Amino acid sequence: MLGATAPPDAPLEAPLAGEVEPVTRYDDEVVIRVTLRNAQDLMLMTQLSDDPWSHAPGIGAPSDWRVHRAALLTLRRAGVPFEIFIADVQSLVQAERERVAQPVEAADWFADVKNLAAINARLDALVALRPDICKIVTAGTSYQGRSIRGVRISRHPEGTPIPAFVFTATQHAREWATPMTAMWYADRLVEDDGTDARITAIVDSSEVYVFPVLNPDGYEYSWTTTRLWRKNRRLNSGGSYGVDLNRNWATGWGGSGSSGTQSSDTYRGTAAFSEPESAGFRDFLLPKTNMAGHVDIHSYSQILMWPYSYTSTLPPESSSYTRVSTAMGNAMKAVNNKTYTVGNSWAVYGATAGCIEDWTSTTTGGMGYCVEVRDTGTYGFVMPASEVLPNARENFAGAEVMMEELLKACTITLVQGPSTTLVPNTATPVKVTVTANVGSLLASGAVRLKWKVDGGAAQTANMTLASGQWSASLPATACGKTVTWWVEAETNFTATRWPANSPAVVRTSSTGSCAIEGDLDGDGIVGAGDIAIVLLDFGDCTNSPSDVDGSGCVDAGDIAFLLLLYS
């Protein structure tokens with residue numbers, strides 16, 4: 001890790017001219033978890049609070065809200081069930097502000113959250129450490145003119161036809177855990193390349209883009225002025241500030257879970273891509289036709305979800321999303337035993353029209369995910385320093401699995417094929433199903449059956465598709481032969497093999513040993529036992545197996561023949 005050689009934490013940047021404001025305080029405010037029983041309860045909550053901390057508060061499900069303490073009496077009188085999760089928001093925010101103001105230059109960079117200047121300095125340090133695989137990239141500029149900076153990590157030059165993975169964070173300014181999570185991804189890929197086999201394989205086989213702060217204006221503002229600010233810093237026509245960048249993407253824009261009210265925290269903007277931040281990132285991604293996977297990082301709730309967010313309709317790749325996200329969730333839990341709810345976004349999180357992962361999944365051809373990192377409400381957006389690194393570690397475990405799964409260009413499942421035994425001199429059918437994970441299958445010869453006989457040269461038969469299955473046959477092979485075989489499927493990016501790591505690892509089948517001529521008793525040799533059988537059958541002229549010379553009868557000629565073969 002870069003550690004003490006990295007630039008020390010940078011001081012807070014000064015606000016831009018015209019934006020000097022007193023630091024926002026949250027005196028007498030609490031965060032509560034409310035169970036809304038009906039539409040009347042929801043209406044009451046929206047009157048008492050303009051800051052729901054839960055993504056899509058719904059009737060019948062618990063949701064978190066920041067309210068003034070005086071509102072609790074109103075809720076009690078109305079009989080709305082709630083519990084207090086954060087009893088003093090100002091104390092929590094003030095303790096964090098005092099904590100991050102202390103310079104800790106010698107400590108691990110990930111020991112606590114970092115401001116925008118420190119994040120940008122860290123990106124530069126990664127490039128300086130490994131310029132052979134890491135470079136700064138930008139995706140336009142923000143409303144106030146800040147660059148949207150990230151890094152590209154790969155062994156290959158840009159434009160190489162290899163799968164691309166993109167990780168984004170901090171569309172919502174107050175979610176300070178998210179840029180730290182994204183930065184951990186970049187750190188691990190850069191610093192562990194060449195020493196960690198899994199990471200080295202990813203850098204060898206793909207290009208990875210990490211953008212830790214998509215909303216630099218809002219993030220800076222959350223550090224200098226209003227800790228719980230969410231949106232960007234656009235001055236709206238009505239005098240309020242900010243557009244929710246994660247409601248500003250084109251797919252499903254304007255639907256449920258977004259607001260047309262400018263002062264709302266989920267204000268979607270005047271049109272899809274009305275904001276320079278979303279438009280700049282759109283223009284960065286669209287030319288990249290090699291997109292394989294994208295994860296947008298948010299906080300909080302411990303949820304890993306996949307499209308769609310704007311409709312209950314499932315994407316056509318829902319089975320692949322389920323398979324990959326389940327593997328991701330298992331890997332995340334294995335690190336610190338933290339459970340992440342995994343599932344379709346509409347089902348596990350509710351309607352959120354205009355989200356980035358819906359757009360990337362429908363526009364770029366890659367699979368789009370959204371993760372809500374720690375915790376489940378105890379601290380909300382104000383993550384303790386002790387949680388930063390454990391949270392980053394478990395989330396990288398999920399991201400690593402996603403990249404590994406999608407680097408398997410296809411998922412190949414064996415439907416029919418021989419196990420250990422082949423029938424001699426008989427063709428043997430092999431059938432598989434193939435699902436393309438990355439890119440699309442080649443137009444011709446995409447799925448191939450390959451084999452070797454007794455370790456000889458590899459042979460190939462193109463498999464044909466019928467009724468959803470690809471089929472070909474291993475050729476008829478004489479007795480006493482060993483056949484090693486495997487299946488290969490290829491997209492326009494790369495090839496996947498079954499079994500994994502073929503041809504080093506293959507399925508081995510054998511036709512078995514050939515029969516020994518004259519070995520009537522099956523003991524593997526021609527000997528006295530075989531002569532004894534012939535003597536017992538002597539004179540038999542009914543196609544007896546003892547007629548080894550083929551004369552039609554068992555006679556002295558057969559004994560003579562066995563004596564010639566006698567072992």
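Computed values, structure above
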item: Segment 340-451, relative contact order [Cα under 8 Å, separation at least 6], %; result: 17 percent
item: Most to least packed among 407-414, 471-478 [average Cβ atoms within 10 Å]; result: 407-414, 471-478
item: Cα centroid of segment 120-187 to Cα centroid of segment 194-237, whole Å; result: 7 Å
item: Segment 124-230 - percent relative contact order, Cα under 8 Å, separation 6 or more; result: 34 percent
item: Semi-axes of the equivalent ellipsoid for segment 14-149, Cα gyration tensor, largest first, Å; result: 40, 18, 16
item: Taking THR200, THR494 and counting other C-beta atoms within 10 Å, the order from fewest to most; result: THR200, THR494
item: Unmatched cysteines, the chain - criterion: no other Cβ of a Cys under 4.7 angstrom; result: CYS134, CYS355, CYS370, CYS410
item: Rg over Rh, two decimals, the chain (C-alpha only, Kirkwood Rh); result: 1.20
item: Cross-link pairs beyond the 29 Å C-alpha cut-off, checked among LYS338/LYS408; LYS408/LYS450; LYS231/LYS333; LYS431/LYS452; LYS408/LYS452; LYS408/LYS481; result: LYS231/LYS333; LYS408/LYS481
item: Distance histogram for segment 255-405 (every C-alpha pair counted, 5 angstrom bins, percent rounded to whole numbers); result: 2, 9, 17, 21, 20, 17, 11, 4, 0
item: The chain - share of DSSP beta bridges that are antiparallel (%, nearest 5); result: 70 percent
item: Scaled radius of gyration (Cα, divided by 2.2 N^0.38 Å) that segment 29-87 gives; result: 0.95
item: More than 15 Å apart - percent of Cα-Cα pairs taken over segment 410-510; result: 59 percent
item: Ranked ASP192, ASP523, ASP530, criterion: other C-beta atoms within 10 Å, fewest first; result: ASP523, ASP192, ASP530
item: Taking segment 448-567 and dividing mean pair separation by its residue count, relative contact order in percent (alpha carbons under 8 Å, at least six apart); result: 17 percent
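Bear in mind that the values in this text are calculations on the coordinates, not laboratory data. The shown structure was predicted, so the numbers you read here are calculated from the model rather than taken from an experiment. Cβ atoms come from the backbone with ideal geometry, glycine included; neighbour counts cover every protein chain shown.
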